[in-house]
Amino acid sequence: MGGSYSQEASSCVRFASRILAKEMKRIQELEAQGFDPYEMKEKPDRKIFNKEERIRMVVEINEKREQGLSYRKACEVQGIPVSTYRKWKQRLKL
């Protein structure tokens, strides 16, 4: 079998140290450019859609698809990600 537990742990620590050193270097470079890498970005408000709204949006995206738009463009027009459209379509069986 491989090395002892202490050798494996030591290897993991060395790996983590290298990753942390790279991240610290990146942070220092950002700071030197005037960026605050610790500044929290606000998440955009997420709209909660009720079932009727989800149905309407899926139907409208389907209609846009029939008119020749790509999934990506049709979803962009509706303001939702493609993954959300696909999830709603599957769950609503539309």
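The values are calculated or read from the model by the stated rules, or taken from the named source; none is laboratory data. Everything quoted here is computed from the prediction, not taken from an experiment. Heads up, the Cβs are rebuilt from the backbone with ideal geometry, glycines too, and the neighbour counts pull from every protein chain shown.
Under the condition of being basic (Lys, Arg), loosely packed, with under 12 Cβ neighbours inside 10 Å and in a helix (DSSP H, G or I), the residues counted in segment 53-94 number 2.
Just the residues that are among the aromatic types (Phe, Trp, Tyr) and within 16 Å of Asn50 (Cβ to Cβ), please, taken from segment 69-84.
Taking segment 69-84 and keeping what is among the aromatic types (Phe, Trp, Tyr), we get 71.
The answer is none; no residue qualifies.
Residue count for segment 20-53 under the criterion of being under 22 Å from the mean Cα position of the chain (by Cα) and either at pLDDT 85 or above or among the hydroxyl-bearing types (Ser, Thr, Tyr) (or both): the result is 4.
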